[in-house]
Amino acid sequence: MYKSNKPIGFWSAVSMGIGAMVGAGIFALLGEASAISGSAVYISFIIGGVIALFSGYSLGKLGARYPSAGGIVEYLAQAYGTGFFTGSMSIMLYFAAVVSLSLIAKAFGNYAFTFLPAGSSLWWHHFFSVGIVVFFVLVNLRGAKDVAIWERLTVAIKFTVLSALAIAGILYLKPSLLSPSLYPPARDIFFSLAITFFAYEGFRVITNTAEDMPDPAKTLPRAMMASILLVMLLYVAVSFAVFGNLPTDRVIASKDFALAEAALPIFGHIGFTVVAIAALISTASSINANLYAVTNVTYQLAKDGELPEVFGEPIGHSREGLIISGILIVVLSLLFDLSEIAAIGSISILFVHAITHIGHLKLVRETGASRGMLFVAAVLSLLAMLLALIYASHQSGHIPQVLVGFVVVAGATELFLQKIRKRHVLPRIR
């Protein structure tokens with residue numbers, strides 16, 4: 001794997017984690033989440049953050065012991081060996097990452113379109129979505145150093161804008177709008193995890209930076225936990241700012257630009273524009289960080305036998321898998337609905353996380369992790385997945401079919417590669 005001349009340190013890794021998380025989730029899906037949990041959406045963000053922290057603990061311990069560019073792919077191979085199950089889960093993880101990236105690209109296109117004059121062609125949505133993916137494919141081809149530099153810049157901008165919105169919104173909030181009497185039933189708050197967990201799922205990209213870290217055993221776990229805590233604090237503060245200044249029905253009506261709408265009563269139209277620009281920067285940053293992770297995943301899968309060798313061929317300072325993944329992202333960004341794919345992505349990732357945590361229980365002597373913490377991480381991931389699946393099934397009958405299709409395609413791909421191509425997953429760290 002390509003090694004940067006300036007390896008990724010603690011703050012660069014934290015920046016990448018924040019960049020991957022603070023993207024389409026908070027900007028594009030806040031309205032969707034509020035339609036489920038109303039002004040209590042901040043509780044859903046807290047629950048999602050707690051689940052992410054337990055998962056982050058498990059993945060951080062695994063990454064410290066097995067510092068591989070493949071991240072979860074490596075951990076699955078270490079825990080479950082080189083059989084059919086490991087291969088299928090690895091491919092499913094890759095599919096989920098690509099589909100999630102297509103969602104973020106689509107969200108970027110939607111935000112960019114709002115800056116065009118009224119009546120502009122809807123094809124501009126696609127132009128912006130495709131353009132941002134192509135741009136960051138080129139950035140990532142230059143190597144890890146450029147990824148880290150871009151992340152530090154974009155994270156600083158969007159974190160500053162969102163923090164300013166959160167602080168000002170809290171100062172001017174109307175307590176009556178946050179009254180518990182306005183909250184929906186408790187079950188709806190838990191059901192909204194189908195949307196809100198997507199706002200955290202990007203934290204796993206930090207595990208893919210391990211090979212570019214000088215001291216991954218120390219840096220990776222710390223960076224993982226720090227990024228999740230900072231993002232959870234930000235999400236809760238922003239939720240208070242938005243729902244403390246706007247009635248829930250107005251937030252739902254504004255949907256994709258709810259954060260910008262919340263800036264109107266505080267900062268006026270200038271605030272609306274600034275937050276909208278921050279949304280563009282944020283979704284772009286998320287695409288960048290996640291593309292880096294997808295590149296490493298495809299490289300690991302190709303190297304260890306789970307994708308055709310072409311994915312692992314070097315090109316520039318990256319891998320050909322980046323180009324192939326970029327093409328898939330562009331295609332998928334034209335096909336899927338925003339909220340549905342968020343639910344599909346959340347359920348898929350929660351399932352893979354749960355499987356990884358369960359497998360980690362077999363490796364505790366190697367990683368030094370707490371069995372109790374790992375057990376809680378697995379249980380919380382499974383519970384959140386089931387709640388999200390129940391809600392998504394009620395909202396859209398074809399979501400379970402899509403999820404089944406994910407598993408079938410992953411299994412069929414694995415079967416083809418192992419039986420026809422005679423290839424097998426091999427752990428990279430011995």
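Brief remarks follow.
- Range of Cα positions in the chain per principal axis (Å), largest first: 61, 44, 42
- Taking packing as the residue-averaged number of other Cβ atoms within 10 angstrom, the listed peptides 177-188, 42-53, 379-390, 123-134 run from highest to lowest as 42-53, 379-390, 123-134, 177-188.
- With the highest mean first, a sort of the peptides 74-83, 167-176, 32-41 on other beta-carbon atoms found within 10 angstrom per residue produces 32-41, 74-83, 167-176.
- Taking label points 7 Å from Cα along the Cα-to-Cβ direction, THR114 and ILE327 give a separation of 3.4 nm.
- 32 Å Cα-Cα threshold exceeded, pairs from LYS255/LYS362; LYS61/LYS158; LYS174/LYS255; LYS218/LYS255; LYS61/LYS174: LYS255/LYS362; LYS218/LYS255; LYS61/LYS174
- Carbon plus sulfur fraction of accessible area for the chain, probe 1.4 Å, in percent: 70
- Membrane-span-like helices in the chain, defined purely by DSSP H runs whose alpha carbon atoms cover 30 Å or more axially and whose average Kyte-Doolittle hydropathy reaches 1.6, are 216-243, 371-395.
- Most to least packed among 230-243, 268-281, 209-222 [average Cβ atoms within 10 Å]: 230-243, 209-222, 268-281
- The residues of the chain expose, per residue, 37 Å² of accessible area to a 1.4 Å probe.
- Gap separating the Cα centres of the stretch 237-270 and the stretch 118-142, nearest whole Å: 27
- Loop-located trypsin sites (Lys or Arg not before Pro) in the stretch 343-427 whose Cβ has at most 14 other Cβ within 10 Å (DSSP): ARG421, LYS422
- Modelled FRET efficiency - R0 56 Å, LEU182 with ALA412, Cβ distances, 0.05 increments: 0.70
- Length gained on full extension, ILE170 to LYS419: 83.8 nm, using 0.36 nm per residue less the C-alpha separation.
The values are calculated or read from the model by the stated rules, or taken from the named source; none is laboratory data. Note that the structure is predicted; figures quoted are calculated from it, not measured. Heads up, the Cβs are rebuilt from the backbone with ideal geometry, glycines too, and the neighbour counts pull from every protein chain shown. Note: accessible area is taken over every heavy atom of the protein model, side chains too, but ligands, DNA and RNA are not part of it. Shrake-Rupley method; radii C 1.70, N 1.55, O 1.52, S 1.80 Å.
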